[in-house]
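The values are calculated or read from the model by the stated rules, or taken from the named source; none is laboratory data. It should be emphasised that the depicted structure is a prediction, and the values quoted were computed from it without experimental measurement. Cβ: placed from backbone, ideal geometry, glycine included. Neighbour counts: every protein chain shown. Remember, those area values only see protein heavy atoms, side chains included, never the ligands or the DNA or RNA. Shrake-Rupley method; radii C 1.70, N 1.55, O 1.52, S 1.80 Å.
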Amino acid sequence: MLWRRGNLTLGILLVTLAAWVVFEKSGYTLLSLVSSVLLLLNVILFLWAKSAAILNRPAPPLPELYLSEEMVNEVGAFMRAHVNDFLSASQDIAMGRDARLFVKVAAYLLLISVVGGLTDFLTLGYTSLVVVLTVPALYERYENYINSYAITGFRKMQQLYVKFDAKFVNRIRKWILERQKLS
């Protein structure tokens, strides 16, 4: 697992932190940075090739970039299968056939909307990476403490649910049964 390799995890976190600071402070976007880097690479390779031709030197070593038809067909079949699954699920939701899936999708979209309103994508990505790289390591280190607190919390939640059920849900059930008897 990645979090067990401390140096690699620390390196990833530091590089990501540096990239995040550069993006936040400079105002660059990922698209503008990538296009600038590709433009610089293109200019360097072009000038290298032209100067090599003038000086009778070898051209820059570039691998042959080629997509085979088989690879394109595999990627296309993979994409087609996933898009068809997505469209089928969307149609089920739109036609009202799958209420459970509708509730899940609505809850996730609401969560994404709320989180998106609180932060920008770059900060969200950095924070997510930090959480993904640190939480498993912290859990592994403090597993016994976390499990005991989780069990205690779960028991308290069960007690609260029993109280809530006794006070409110049973009253509503009794009220519904009384209304049905009167009808």
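Worth pointing out:
- Only helices reaching 24 angstrom along their own axis (Cα) with mean Kyte-Doolittle hydropathy no lower than 0.5 count here, and for the DSSP H runs of the chain these are 6-26, 30-54, 99-118, 121-141.
- Principal axis dimensions, the chain - Cα atoms, whole angstrom, descending: 100, 46, 34
- Between F86 and E64, the modelled labels are 3.4 nm apart [label points 7 Å from Cα along Cα→Cβ].
- If the segment from V75 to I54 were pulled out straight at 0.36 nm per residue, it would be longer than the present Cα-Cα gap by 3.4 nm.
- If you sort F23, F121, F102 by accessible surface, 1.4 Å probe, largest first, the order is F121, F102, F23.
- Residue-normalised accessible area of segment 95-182, expressed per residue, 1.4 Å probe, Å²: 91 Å²
- 14 Å tail of the calculated P(r), segment 5-62, as % of Cα pairs: 70 percent
- FRET E, pair T134, L38, Förster distance 45 Å, beta-carbon r, rounded to 0.05: 0.85
- Placing one equal scatterer on every Cα of segment 33-138 and applying the Debye formula, the log10 ratio I(q)/I(0) at q = 0.12, 0.14, 0.21 Å⁻¹ is -0.89, -0.99, -1.08.
- Note on the chain: with neighbouring protein chains present and a 1.4 Å probe, carbon and sulfur make up 68 percent of its accessible heavy-atom surface.
- Surface accessible to a 1.4 Å probe, Y28 within the full protein complex, Å²: 100 Å²
- Once the trypsin sites (Lys or Arg not before Pro) in DSSP loops with at most 11 neighbouring Cβ atoms within 10 Å are cut out of the chain, the longest remaining piece is 6-96.
- Probe 1.4 Å - accessible area at T9, Å² to nearest ten: 10 Å²
- Considering only the Cα atoms of segment 95-182, their convex hull presents on average a projected area of 10.7 nm².
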